[in-house]
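Throughout, read-outs are computed from the coordinates displayed, never taken from laboratory work. Computed from a prediction, not measured in an experiment: that's the story for all the values here. No Cβ is skipped: glycine too gets one built from the backbone with ideal geometry, and neighbour counts run over all protein chains shown.
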Amino acid sequence: TGQIPIEIVNLINLRTLALFNNQLNGLIPGEIGSLTNLNFLWLYNNLFSGEIPEEIGNLNSLTSLYLNNNNLSGAIPHQIGNLTNLIKLNLSSNNFSGSIPSEIGNLTNLTSLNLSSNQFSGDIPIEVFNLLNLEGGIEPALMGTVFYPGLDLSDNSLSGIIPEQIASFEKISSIDLSNNQLAGSLPVGLYSLDSLQSLNLSNNSLTGEISAEIGNLSSLEGITTYAHNSVTQYDACL
């Protein structure tokens, strides 16, 4: 319980800070930006509140940042775009708001981006489609195996269209954009994602027709969900 003791910033050679699954509260101290050798910062499943400090952008050795399942709020600081060595970023299940910063597109080493269950609004920034290494999948972890989504932006208030640039995700295995306010038709580029195994677009305001080309996605295993949209189903493959 309690807050992160400020003295932790004296551990300048620290490479892993794992405080997950506790009842820690208060702010994430900006001084944590002094731990520039950190590779892993895991603060998930706590009671942290307030905003992500801008100083987090100093941690450019990070490969894994998990702040999910807290009470964090405000906007994601633009400085997050400095973390160009990140492989996994999970900020899900908080109270973040505002737009997704375009600087996330700088994180070109990401294999997993999870921003689900927040209050993000506005369009999906086109820079997200610079993340050509998004993949996802199942990997071994400390306690069994863990599923890492490729791209999960579900349960927000995102609007606008799904850009054609989605075709750039050649490695991706899972996409979840459900429970938003996305509109327009399904982008043609969606039908070229040969590695896609799971797709969820339900509970949006999508329109138009699902092309028969979706039958070409031979890797698709998960339930492809178009419920609560206004798309015309292609019955042969649903």
Sparse-neighbourhood loop sites, GluC sites (Glu not before Pro) in the range 159-229 - DSSP loop, at most 10 other Cβ within 10 angstrom: none
Within the range 1-89, GluC sites (Glu not before Pro) in DSSP loop having at most 16 other beta-carbon neighbours inside 10 Å: Glu51
Gyration tensor over alpha-carbon atoms, the range 132-224, equivalent ellipsoid semi-axes in Å: 23, 16, 11
With the range 1-132 reduced to its Cα atoms and the Debye formula applied, log10 I(q)/I(0) at q = 0.15, 0.16, 0.19 1/Å amounts to -0.66, -0.75, -1.08
Percent antiparallel among DSSP beta bridges with both residues in the range 126-198, to the nearest 5? 60
Report the antiparallel proportion of the DSSP beta bridges in the chain as a percent, rounded to a multiple of 5. 10
Mind jotting down the three principal axis lengths of the chain based on Cα atoms? Whole angstrom, largest first. 61, 31, 29
